[in-house]
Amino acid sequence: MTVKHVHMAVTGMTCANCAANIERSVKKLAGVEDVRVNFAAETVDVDFDDVQADSDRIIHQIEKAGYGAIVPDMTGLSGDVEDAESLARDRDVRQHILKFSVGAFFTVPLFLMSMGRDMGLIGQGAHPLMMNWMNWFFFLLATPVQFYTGWDYYVGGWKSLKNRSANMDVLVAMGSSVAYFYSAAVLLSSDLGAHVYFETSAVIITLIKLGKLLETKAKRNTGRSIRKLIALRPKTASVIRNDAEQEIPISMVMEGDVLVVRPGGGIPVDGRVIDGASSVDEAMFSGEPLPVDKHPGDMVVGGTINREGMLKFEATRVGKDTALARIIQLVQDAQGSKAPIQALADRVAAVFVPSVLAVSAVTFFIWWGATGQFVPAMIRLVAVLVIACPCALGLATPTAMMAGMGKGAELGILFKNSAALEMAAILDIIALDKTGTITVGKPVVHDILVLGHTDFSPEKLLQLAASVESGSEHPIAKAIVSEAGNRQLELLPVSDFKSYGGNGIDANIDGASVKIGRPDWLQMVGVNMDPARESIQTMQDQAKTAMGVAKGNQLLGVIAVADALKPDSPSAITSLRDQGHQIIMLTGDNQRAAAIIGRQAGVDQVIAEIRPEDKSLKIREFQQSHMRIGMVGDGINDAPALAQADVGFAIGTGTDVAIETADVILTSGMLSGVPRSVSLSRATMRTVRQNLFWAFGYNVVLIPIAAGILYPFDGVPGFLQQFHPMLAALAMSLSSISVVTNSLLLSRLNIDK
């Protein structure tokens, strides 16, 4: 059995109960492992056994439940195929616009004439026959609104009831139908009186359709970051084939192709530079604003922008395998997941509509029994049905989560699921790996000490050492050679190169023996180390590796190499502490070296000489003390700890194992991404709580008002004593729009980089 995953767009959902209907329906299919419907994103993610189920069956089941499903064409990530999902959304918006326009065209004159008659401005003193014909005219104006603009609510309500549930469509259809069909009955029977309420049903439907139109447009903006990422991919690529440059669709690029990108052009796929030099804007991938220099051997990422020189590179990953495609898929999957806090809203939504139907019925019978009048009771019933639509409740959490994750993607912070985004806000401890997380992860030259009795300069000493070390693959040797390259020093020719098992090396330059190695080894082979003994001890106390350089048996100087702190590590750790976290460093290095790095970085506690498997045990100890802990790492040895932590943060420049295990990926490779992740998480959860407060508060306050609880109080404004269904429709629409708009404010969130 192979468990597969499919991500689909869904059309036709109107509230959180629709999402629950789809989940229940798809879960009935044999082989379906898990179903997650995101009402705000209008998507469904399904995990299924590919032997018992497939995408076609899932689509059929969704359609059977009364909704539409679209499988995005993922080739759009690498080619110029139009995004089917985006086209479907555009059609949906156009249909909303058309239906609202028709509704408004008939509702505006109907409302004005009806209100004018009620206020005595028109029809005053008219013959009863004339009044009857005016009612028929109102009927003609209201009917297209009821059965064209409002037809979706009848269809959606019927399908919902067929699935043994009730959604927002049921409330709207019932509320508007009560007013419409009562008014139609008045036309046919004078026993019911002469007053009709066609304008009430028409205004309810038109206002709610306007609200859904604005809500749909606003919801599209919550996925703006994903569309911006997709838009980064170039449509075509310049490829060298048969010794000639030709432009082809990006979907035709294959691994191993040699591509050319000129200044200002987008890099179409991932690859390795083989010729040229330039700076590349990788802000979309790393969140860092400064361009990155690229030379032969460096990697480039599809979707980034070449700023200066021309680059020629070999394609290493294309299509769905590119970093951009994987990021898009990761964010889509994360936005489709459910945060733990969403469970509360889901439980409420599951019983909300049936409860509202019961409340509306009780309201109707209480008022009919108390007053003996059918019409006032009917008006209150309609107001309760319309005011209670649970759209805002269903949108409160997912819209904020989508907006927060989208903002994170722009900043180079990729949350794998909503639970990680929620949990990152409440961590007590941040545990940090040392090598590659706090530090650069590779040695660099820190000090060049030239002894006073020589006529060497630091550059000449470095040139001599790098020339000898050029034949070695040791990390320290590479650091010395790299520093010489940074200073543009020309390496000297060497001969008779010999290596002594990691202790040192020896080679001839211009007929003289040049040795470079550990102080104790140099002492053993006859070099007098006394002139530099004190300096070497100072370097070692600073957790640096001291390498002596000697010509013959004369010590010329010392080069100190160490794994340097990343430039942003101290400031990032300070920010984490300011956020209220305790900072711990977990490392396998010796206690002295770890303590020095910990002191330089500013961590609160250093736990050194700890094996990889013990890192996860140490994290578990903190968790058993009821502490919530986040782990930050980049290596294979960090994977168990990342998995054990409440939230695992993987440095994006680290190993694939660490990235796969973690909950949050920091694509910039910088520690500053951790406090930014926490800030974004806290802002997102603050928005979720605000949304839930207003969604719950809206219903808690307005349903009793619609039911008439304020009617006995004389000092209350009349419109609150008799809350008209038209006001209920307006309030319901505004509540959904306000929740989505509040979530979209996250896109303007300013998080210091």
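Looking only at segment 627-656, filter to residues that are open to solvent by 60 Å² or more (accessible area, probe 1.4 Å) and at pLDDT 90 or above; which one of those is nearest to Ile426 (Cα to Cα)? It comes out as Arg628. Looking only at residues of segment 82-107 that are surrounded by 14 or more Cβ atoms within 10 Å (Cβ to Cβ) and either of a type in the set (Lys, Arg) or more than 21 Å from Tyr153 (Cα to Cα) (or both), we find that the one that is modelled with the lowest pLDDT is Asp83. Looking across segment 600-617, the residues that are modelled with pLDDT of 90 or more and open to solvent by 30 Å² or more (accessible area, probe 1.4 Å) come down to Asp604, Gln605, Val606. Of all residues in segment 15-46, those satisfying the criterion of being part of a loop (DSSP other than H, G, I, E, B), buried (at least 19 other Cβ atoms within 10 Å of the Cβ) and small (Gly, Ala, Ser) are Ala40, Ala41. Annotation: of all residues in segment 1-14 being part of a strand (DSSP E or B) and either of a type outside the set (A, V, I, L, M, F, W, C) or in contact with a helix residue (DSSP H, G or I) (Cβ under 8 Å, 6 or more places away or on another chain) (or both), the one that is surrounded by the most Cβ atoms within 10 Å (Cβ to Cβ) is Val10. Restricting attention to segment 485-513, the residues being aliphatic (A, V, I, L, M), in contact with a Ser or Thr (Cβ under 8 Å, 6 or more places away or on another chain) and open to solvent by less than 40 Å² (accessible area, probe 1.4 Å) number 3.
Filtered by the rule that a residue be within 15 Å of Val558 (Cα to Cα) and among the small types (Gly, Ala, Ser), segment 497-524 gives Gly504, Gly517. Residues in segment 576-599 that are open to solvent by less than 50 Å² (accessible area, probe 1.4 Å) and either charged (D, E, K, R) or not in a loop (DSSP other than H, G, I, E, B) (or both): Leu576, Ile583, Ile584, Met585, Leu586, Ala593, Ala594, Ala595, Ile596, Ile597, Gly598.
Within segment 282-311, restricting attention to residues that are open to solvent by 60 Å² or more (accessible area, probe 1.4 Å) and either in a strand (DSSP E or B) or among the aromatic types (Phe, Trp, Tyr) (or both), the residue that is modelled with the lowest pLDDT is Asp293.
Within segment 143-169, residues that are closer than 20 Å to Ala185 by Cα reach partners that are buried (at least 21 other Cβ atoms within 10 Å of the Cβ) and of a type in the set (Val, Ile, Thr) with beta carbons closer than 8 Å, at six or more positions or on different chains, in the pairs Val145/Thr107; Val145/Ile205; Val145/Thr206; Gln146/Ile205; Gly150/Val172; Gly150/Ile205. Looking across segment 464-484, just one residue is open to solvent by 50 Å² or more (accessible area, probe 1.4 Å), in a helix (DSSP H, G or I) and among the polar types (S, T, N, Q), and that is Ser482. Of all residue pairs spaced 6 or more apart or on separate chains, those with beta-carbon atoms under 6 Å, a first member in segment 412-432 that is open to solvent by 40 Å² or more (accessible area, probe 1.4 Å) and a second member that is part of a strand (DSSP E or B) and β-branched (Val, Ile, Thr) are Met423/Val647.
The values are calculated or read from the model by the stated rules, or taken from the named source; none is laboratory data. In this text the structure is predicted, and so the values were computed from the model without any measurement. Glycine gets a Cβ as well: all are built from the backbone with ideal geometry, and neighbour counts include every protein chain shown. Only protein heavy atoms, including side chains, enter the accessible area calculation; ligands, DNA and RNA are left aside. Shrake-Rupley method; radii C 1.70, N 1.55, O 1.52, S 1.80 Å.
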